[in-house]
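Below you'll find the structure, written out as structure tokens, and then a few comments.
The values are calculated or read from the model by the stated rules, or taken from the named source; none is laboratory data. Predicted, not measured: the structure shown is a model, and the values here were computed from it. When we count neighbours, we look across all protein chains shown, and the Cβ atoms used for this are built from the backbone with ideal geometry, even at glycine.
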Amino acid sequence: MNDREKEQERRKQRAFERLGTNNPRCVHCGEKDWRTLEPHHLAGKDFDDFKAIECRNCHRKLSDAQKDHPKKSSSSPDPMECIGHFLLGLADFLVLLIEKLREFGADLIARANRSRKSEVRS
Amino acid sequence: MKTRKPRQTVSDRVRHDKLEAHIRAFVPPPKPRKLSRKRRQNSNNQSDWALVYDTESTTDAAQSLRFGVYQVYNGQQLHEQGIFYDPDTLSASEQSLLQAYVAKHGFKLRTKAEFVDEIFYGTAYDLRATIVGFNLPFDLARCAVRHGPARGKTMRGGFTLQLSEDGYKPRVQLKHISARNALIQFTKPRRRLDTRRMRKQGMDIPPRRGAFIDVKTIAAAHFSRSFTLGELAEFSGIRHRKLSTDEHGGPLTEAYIDYAVRDVLATWECHCLLSEKFDTHGLSQSRLSQILSEASLGKAHLKEMGIRPWREMQPDFPDRLNGIIMSTYYGGRAEVHLRRVNPLVVYCDFLSMYPSACTLMHLWPFVIAKGIKWRENTKEVRKILKHIDLDELQKPKTWKKLKTLIQVLPDDDIFPVRANYGSGPQATIGLNYVKSRTPLWYTLADCIASKLLTGKCPKIQRAITFEPKEAQDDLKPMTIAGGDHRVDPRSDDFFKCIIDRRNEVKEKLKSATGPARDRLDSEQLALKILANATSYGIFVELNVEELEDREQRLCYGPNGKPFPIWTTKGEEPGRYFHPLLATLITGAARLMLAITETLAIKHGLNWAFCDTDSMAFAKPETMDQRQFVDAVQKVCDWFVPLNPYNKKGSLLKIEDANYQLRNGKRTNKFAPLYCLAISAKRYVLFNLNQQGRPIIRKASAHGLGQYLAPYKDKDAPKSIPKPQTDLKTIGVDRWQYDLWYQIICAVVDGHPDQVDLSYHPNLKLPAACRYGATSPRLLKWFESYNKNRSYGDQVKPFNFMIAFQAKPILADDADIELVVPQDCYADNYNQASTNGSARTDGDCPLRVVRGGSWTSPARDLRSATRKWDSSTDRYNWLGFRIGRTLSQ
């Protein structure tokens, strides 16, 4: 391992440490490249510390949705407010997940059709 | 422990010794500071990288690094291997030899500083590698450039090692716990791993504490015994065994470097094997580096089943009740009844005593409960105690009613008492007739035991019965010990499941061969360790912590009222601390032994000794051997109905040591077994051959563990016959076997006080103990030696030393009196007596200590020096020592 590779390995290990796992993967799209993965605060960083691993694209979509959530009422939010934000974040998370499930479902059906057609041709 | 004559009736007793009873109390630690959610997160998982290394040192007092060997692995793949050395301790020719060696074998050669900066920190720390070694604290200390006492609540009392001259590198903290384990971690680095932006975004990274694995520790945890690297390599059958050498400290040779390289390879292979074994447990929430003992494994299983600790579930449980519960806590009963005679015995022990007690008393629901409920139950308990007898105790349902603590006014009842029976400083536990004007708390099991042994009910003042609350919510089933057996904590009794599973595995083991046999044997051993680890010790785990300064804390005793104490040591309850379970379990075990004793007397038997879960029945002179064995069998058969397991039979078993040996293996034929017991836990069981010489079957090494063997096994005296069974089965080392052999011969030949110790010349040398500088306090002994020496030449943390025990010259034991002064300590002289008498007001936990001792600097050697110490502590530097010349 030369110095460049070693430095890259260090960055990788720090990313794993930040993500809290040695096998990170985007919860929505399944992306595995550690360089694109980030922790996402489900409720927003001001309300709860629970994090999910997302790739940058999915993270941006979720963070964008969070911008439409109500603003923080005070510097130390009420527990009910935190739970409310967590539920809103979870809803955004599930919406994106449903989108992905639809995409994956449609994709699997299309693949099945393609393979059937190729079988018929042969 | 105090010995007693066979019990007759109460009126036969003529004398009461007046003793101060010591009661276990509860001192709750201060409420922990509430940690923020962010601080609780733990992302200290290690990567697939691993650094394994070993060092070779000089053999002088400094034990400085000469050279070391390391290997870096990525997963199972060897990434780099090399040798590092200290240029200050190796000569130029030795360094040339190392250069030639690395060139020949394709290794890398580095100096110690380069190894530390480039490999230890550059690779291991930066890549979150697991750092592996055998006796790792010693190897880490060899690489240090300086050290100091560790700070922080967890590591106080340990060392902080600075390994690199670069002050930004995190240091390594080490805290010795026992000969088998130590806590090791990196300190917080001066430079944080997360940026300010990351912290602002709530993505701060907790400090990297590292993952350190001492193979010695994890081997002891998995196999419940201590190993050297050579023994572990042999035991686990790895490919590369340890090489032997006599070249420690001699000139460096290629063979010696080979030896060091092989050590690293053997350490790594043992680590891989133990890692695989750990993985078979399926403990997804625990890491191998967190396993420090069998108890850690047990706790990891409870965690895996989602069981939250009782103290976490019920934080508002009153401390006054904890004080009462702790006051009823006594350990297992160990007692010698026939001392220094050699009666014919049959030796029996209970099948998994503590897990059996847990199952019989139905204690598992307490472990998984949301908490415990309690109620005053005096009337009902009086009724139970009045009517209880052996017939009632033979019914398993009776044992479920024993979850009760009782306040009694002892009046010639037989209860365990912790007191100073002899002249020694430590209080020991004895089972005695007790009379007290102060009410004392005991378990219901102890009260029943007293009734069985005295024939009368203790006077009950108050009784509290405990019941578990409903089960916790997030419990989940798990597979145990890598087998195919699943335990559901909600519906199964965990303790029973483990023992049942072990019995099944042992049955299969009888017909298994080859690798299947090895796997089954490994599984049954894991189950045994797991059963023992989860059924008692973890419930009474109290970790002593040294406080930064003397602190006032509240102490809860048997009367439930707190009183303040000043202390320099705290007791931090372990994760699964549950004193009620601990006291009920040990109480039930003592009741089992009391039943056994009662049955023995009922069948006309005597007994020689008992030890927690075993008893040696002694043959009365008037009874013939056949009648004797039949009577013992009847005692054993009494316990059949109490067996809670699927495999039926008695809980009390006649041990293998009672049967004849043929070619080192036991047969089914009884052989006359003799017993020689010297004191509690110090006994030997033996047969006599046709010449009347002993064949040792089982022996205890209690109290000998700290001594180094005076000679190697290969140098054992030819005058003493070799053991006929494996020494591991007997339970002692060869030199201890030889010593027992000579003691037995002296007793058999009729001169028990004249043991012939001329069988080996080394016995004329002083007894030697190994001493390790494992804490700053112990290392301080070398302060004057280390003064004015360079760091490399100093005695350093974790150095091994030999301490010799000389024969007393000026004083005999009878003339040595270690006492604590009567004078109570106060911060000032207000209200001090004016006539020179001792101040005795208040609770007086601290006493004044004046002047210095042989451990003090010269300036303290005067009467004006005034310090304090706890009235319960005894040290060899505290008190008065009066010597006189021995009269011949």
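Tabulated results
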| read-out | value |
| --- | --- |
| Residue B:636 vs. criteria in contact with a Leu (Cβ under 7 Å, 6 or more places away or on another chain) and either in a strand (DSSP E or B) or modelled with pLDDT under 95 (or both) | no |
| Filtered residues of region B:651-685 (kept if among the hydrophobic types (A, V, I, L, M, F, W, C) and under 30 Å from residue B:395 (Cβ atoms)) | B:651, B:652, B:654 |
| Elements of type strands (runs of 3 or more DSSP E) contained in region B:359-465, each with 2 or more residues being buried (at least 20 other Cβ atoms within 10 Å of the Cβ) and in contact (Cβ under 8 Å) with a residue 60 or more places away in the chain | B:404-409, B:411-419, B:428-435, B:440-443 |
| Residues of region B:145-164 satisfying the condition of being farther than 28 Å from residue B:572 by Cβ and buried (at least 23 other Cβ atoms within 10 Å of the Cβ) | B:163 |
| Some residue of region A:89-112 being within 14 Å of another protein chain (Cβ to nearest Cβ) and either at positive phi or surrounded by 16 or more Cβ atoms within 10 Å (Cβ to Cβ) (or both) | yes |
| Leading residue by the ranking (farthest from the other protein chains (Cβ to nearest Cβ)) among those in region B:105-125 that are within 28 Å of residue B:232 (Cβ to Cβ) and among the aliphatic types (A, V, I, L, M) | B:116 |
| Options B:221, B:255; residue that is at negative phi, crowded, with 20+ Cβ neighbours inside 10 Å and either under 26 Å from the mean Cα position of the chain (by Cα) or of a type in the set (A, V, I, L, M) (or both) | B:221 |
| In region A:12-28, residue nearest to the chain's Cα centre (by Cα) [restricted to those that are facing chain B (nearest Cβ under 10 Å), closer than 30 Å to residue A:92 by Cβ and not hydroxyl-bearing (Ser, Thr, Tyr)] | A:19 |
| Which numbered condition residue A:70 misses (of (1) away from every other protein chain (no Cβ under 14 Å); (2) in contact (Cβ under 8 Å) with a residue 24 or more places away in the chain) | (2) |
| Test: residue A:66 is at pLDDT below 95, crowded, with 21+ Cβ neighbours inside 10 Å, more than 10 Å from the chain's Cα centre (by Cα) and not hydroxyl-bearing (Ser, Thr, Tyr) | no |
| Count - residues of region B:126-145 that are of a type outside the set (A, V, I, L, M, F, W, C), within 14 Å of another protein chain (Cβ to nearest Cβ) and under 32 Å from the mean Cα position of the chain (by Cα) | 2 |
| Single match in B:669, B:714, B:665, B:718 (criterion: free of Cβ contacts under 8 Å to residues at least 60 places away in the same chain and closer than 15 Å to residue B:347 by Cα) | B:669 |
| 1 or more residues within 30 Å of residue B:175 (Cβ to Cβ): qualifying helices (runs of 4 or more DSSP H) within region B:704-783 | B:776-779 |
| Matching option when the condition is within 14 Å of chain A (Cβ to nearest Cβ), within 21 Å of residue B:186 (Cα to Cα) and of a type in the set (Lys, Arg), among B:197, B:208 | B:208 |
| Conditions (1) closer than 16 Å to residue B:776 by Cβ; (2) touching a residue at least 12 places away in the same chain (Cβ under 8 Å); (3) of a type in the set (D, E, K, R); number of the one not met by residue B:139 | (1) |
| Selection status of residue B:553, of a type in the set (D, E, K, R), touching a helix residue (DSSP H, G or I) at 6+ places or on another chain (Cβ under 7 Å) and closer than 27 Å to residue B:405 by Cα | no |
| Residue within region B:616-631 that is under 26 Å from the mean Cα position of the chain (by Cα), farther than 18 Å from residue B:389 by Cβ, modelled with pLDDT of 95 or more and not acidic (Asp, Glu) present | yes |
| Among residues of region B:13-59, those that are modelled with pLDDT of 75 or more, within 14 Å of chain A (Cβ to nearest Cβ) and loosely packed, with under 12 Cβ neighbours inside 10 Å, counted | 0 |
| Hey, residue A:50 surrounded by fewer than 16 Cβ atoms within 10 Å (Cβ to Cβ) and either under 13 Å from the mean Cα position of the chain (by Cα) or facing chain B (nearest Cβ under 10 Å) (or both) or not | yes |
| Some residue of region B:91-102 being part of a strand (DSSP E or B), more than 30 Å from residue B:772 (Cα to Cα) and either out of contact with any Gly (no Cβ under 7 Å at 6 or more places or on another chain) or within 14 Å of another protein chain (Cβ to nearest Cβ) (or both) | no |
| Qualifying position, being farther than 19 Å from residue B:310 by Cα and either touching a residue at least 24 places away in the same chain (Cβ under 8 Å) or assigned to a helix (DSSP H, G or I) (or both), among B:558, B:489 | B:558 |
| Cross-chain or 6+ apart pairs with Cβ under 6 Å, region B:758-774 first and under 17 Å from residue B:738 (Cβ atoms) and in contact (Cβ under 8 Å) with a residue 24 or more places away in the chain, then of a type in the set (Ser, Thr, Tyr) and surrounded by 15 or more Cβ atoms within 10 Å (Cβ to Cβ) | B:760/B:711; B:762/B:711; B:767/B:707 |
| Boolean, residue B:292 is under 28 Å from residue A:21 (Cβ atoms), in a loop (DSSP other than H, G, I, E, B) and modelled with pLDDT of 90 or more | yes |
| Filtered residues of region B:183-194 (kept if under 21 Å from residue B:45 (Cβ atoms) and more than 12 Å from chain A (Cβ to nearest Cβ)) | B:183, B:184, B:185, B:186, B:187, B:188, B:189 |
| Checking residue A:6 against (1) touching a helix residue (DSSP H, G or I) at 6+ places or on another chain (Cβ under 6 Å); (2) within 12 Å of chain B (Cβ to nearest Cβ); (3) surrounded by fewer than 16 Cβ atoms within 10 Å (Cβ to Cβ), the condition it does not meet | (1) |
| Odd one out for residue A:79 among (1) surrounded by 15 or more Cβ atoms within 10 Å (Cβ to Cβ); (2) over 30 Å from residue B:50 (Cα atoms); (3) within 14 Å of chain B (Cβ to nearest Cβ) | (1) |
